[in-house]
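One structure below.
The values are calculated or read from the model by the stated rules, or taken from the named source; none is laboratory data. These numbers were taken from a predicted model, which means no experiment stands behind them. Please note: Cβ atoms are built from the backbone with ideal geometry, for glycine as well, and neighbour counts cover all protein chains shown. Calculation scope for accessible area: heavy atoms of the full protein, side chains included, ligands and nucleic acids excluded. Shrake-Rupley method; radii C 1.70, N 1.55, O 1.52, S 1.80 Å.
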Amino acid sequence: MKVLVVGAGGREHALVWKLHQSKMVKKIYSAPGNAGISQLGECVDIKLDDLKGLADFAQRKSLDLTVVGPELPLTLGIVDEFVKRGLKIFGPSKKAAEIEGSKAFAKEFMKKYHIPTASFKIFDDKDKALDFLSEAPFPLVVKADGLAGGKGCIPVENFSQAEDAIRKTMVEKIFKEAGSRIIVEDFLEGEEVTIMAFTDGKTIIPMFPSQDHKRIYDGDAGPNTGGMGAYAPTHFVDERLMKKIYDEVLEPTIFGLEREGRIFKGILYAGLMLTEIGPKVMEFNCRFGDPETQVVLPLLKNDLVEILFSVIEGELELESVKWKDAFAVCVILASAGYPGKYEKGKEIFGLAKVENDALIFHAGTKLENGKFKTDGGRVLGVTGVDSSLEKAGSKAYLAVDRIRFDGMQFRRDISRKGMKVKGRYF
Ligand code: AMP
Ligand code: GLY
């Protein structure tokens, strides 16, 4: 079987790594891929938004399966383009992907189907937004409607901060057209968790619950990033809470989307805040999370190809997905300056020393004259897997301490939050 993985990050390297273990897979392509992926498959230079180019490639090579990592091609309709041509592809249609592509759509949808989420208002007009904010109770968050790489949410504590957020999103357009419409919603407090689920639009199978670390610095300080590390499973979600999340969030979402004529097949990602009064949805994504995938896939027992095909064919069976009795911790190594402007082209040292101890998933890397160099904000994900969270964390950090590149920054506290809670629920 020949497979194409669309994307270029740590998530896609983890997908390629897992697919590579399948006996059914003979050849893997990745578009555009990265230096780590190029060790397991062939990278092809086709852009993420070139849907026709990707479909032409799949046709020309007679590929058996395409797996899409990032949201951009999904929200642009890559699945519809492939299906139209009779090509097998894993992911939701354009209409279903709108659950991530438009936060305004997602919020109205949640309201209609009574899915717990923060109270909100939607604005297309900055003066109306400011009018509302002049009398609103703070704290609140201001969010761009469209895709903003996980950075489109600005917490605001008073009117002057809110004014600033509105100016940045709606006037200066720091998130481009994604910020022409905004959502203002209540600021939620609690523990943030990620629940990803496989679904064929009828059957829903949640994966191990995981926890991302969005802020750049230890102790959840500093600006939001695409994610500085993750661990799974997290004890913050026990079996009872998972059932509640299934009943109140996952099931009504998948069934609601079906009723709206937007059958969702693929990965539904719910970003939840565990508030005092229960879990609330902060965001839906229509794909695997990054870095969460770098901790969840190493714990999956099944052949991933089998699950992906059963989703595509609408034959996903309950109880078919099995997990290892283990924990995984992923620490992201980022370039100096990230999440702002960062440097590239720094040589990465120490990778060969750690390859037997930890899983190294490349994100922003390139190969130049046989040397690995940095080529993005998030450079590497270092994942340790072991029988306890403590041991998995130690493994990851032992490896991290042997890798270096100029300006390398990372958090020292990935998974520490999870260790405060004792006991294992999954
Ligand atoms: P989003 O822009 O919805 O993808 O959210 C990005 C991040 O902003 C989330 O992972 C949270 O850390 C934070 N966030 C989003 N919505 C809220 C909210 N209502 N209250 C507090 N934090 C939020
Ligand atoms: N970890 C956040 C995301 O994948 O959007």
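Modelled label positions at Phe187 and Ala221, each set 7 Å beyond Cα in the direction of Cβ, lie 1.8 nm from each other. Looking at the stretch 39-138, the trypsin sites (Lys or Arg not before Pro) that sit in a DSSP loop and have at most 14 other Cβ atoms within 10 Å of their own Cβ are Lys47, Lys61, Arg85.
Applying 0.36 nm per residue to the separation of Ala136 and Asp247 and subtracting their alpha-carbon distance, the gain on full extension is 36.8 nm. Projected label points at Arg60 and Gln39, each 7 Å from Cα along the beta carbon direction, are separated by 2.9 nanometres.
Of the peptides 162-170, 234-242, 376-384, the order by per-residue mean of other Cβ atoms within 10 Å, starting with the highest, comes out as 376-384, 162-170, 234-242. Out of every Cα-Cα pair that the stretch 207-303 contains, those further apart than 23 angstrom amount to 31 percent. Taking every protein chain into account, the 1.4 Å probe leaves Trp323 with about 50 Å² of accessible area, to the nearest ten. At full extension, Glu390 and Thr275 could sit 38.8 nm farther apart than now, given 0.36 nm per residue minus the alpha carbon distance. In summary, the aspartates and glutamates within cross-link reach of Lys2, defined as a Cα separation below 12 angstrom excluding same-chain residues under 8 places away, comprise Glu42, Asp64. Within a straight-line Cα-Cα reach of under 18 Å, Lys112 can be paired with the following lysines, leaving aside sequence neighbours fewer than 8 residues apart in one chain: Lys95, Lys103, Lys121, Lys280. Solvent-accessible surface (1.4 Å probe) assigned to His213 amounts to roughly 0 Å². On the beta carbon distance between Ser180 and Lys47, with R0 = 22 Å, the FRET formula returns roughly 0.35. Pairs of Lys residues in the stretch 301-380 that lie 8 or more places apart, or on two chains, and have C-alpha atoms under 15 angstrom apart add up to 9. Taken as Cα centroids, the stretch 56-98 and the stretch 210-229 sit 31 Å apart, rounded to the nearest whole angstrom.
Shape of the stretch 321-362 from its Cα gyration tensor (a ≥ b ≥ c, root eigenvalues): rounded if a/c is under 1.5, otherwise prolate when a/b > b/c, or oblate? Oblate, because a/c is 1.5 or more while a/b does not exceed b/c. When the chymotrypsin sites (Phe, Trp or Tyr not before Pro) in the stretch 117-190 are filtered for DSSP coil states and for at most 10 other beta-carbon atoms within 10 Å of their beta-carbon, no site remains.
Simple spin-label estimate for Ala352 and Lys26 gives 3.3 nm between the two label positions (7 Å along the Cα-to-Cβ direction from each Cα).
If the chain linking Lys151 and Lys128 were pulled fully straight, counting 0.36 nm for each residue of separation and taking away their Cα-Cα distance, it would gain 5.9 nm.
Over 25 Å apart at the Cα level, from the set Lys18/Lys143; Lys47/Lys151; Lys151/Lys417, are Lys18/Lys143. The share of accessible area on the chain that comes from carbon and sulfur is 49 percent, using a 1.4 angstrom probe. Surface analysis of the chain yields an accessible area of 42 Å² per residue, using protein heavy atoms and a 1.4 Å probe. Calculated mean residue ellipticity, 222 nm, the chain: -7500 deg cm²/dmol, from DSSP H runs (n ≥ 4) at -39500 (n - 2.57) each, averaged per residue and rounded to 500. For the stretch 283-350 versus the stretch 20-53, the inter-centroid distance based on Cα atoms is 16 Å.
Charge tally around Gly271: other residues with Cβ under 9 Å, Lys/Arg +1 each, Asp/Glu -1 each, net -3. By its C-alpha gyration tensor, with a ≥ b ≥ c as the square roots of the eigenvalues, how is the chain shaped: rounded for a/c under 1.5, else prolate for a/b larger than b/c, else oblate? Because its axes are fairly even, with a/c under 1.5, the chain counts as rounded. Overall, the anisotropy analysis places the stretch 37-86 in the oblate class: the square-rooted eigenvalues a ≥ b ≥ c of its C-alpha gyration tensor yield a/c not less than 1.5, with a/b not exceeding b/c.
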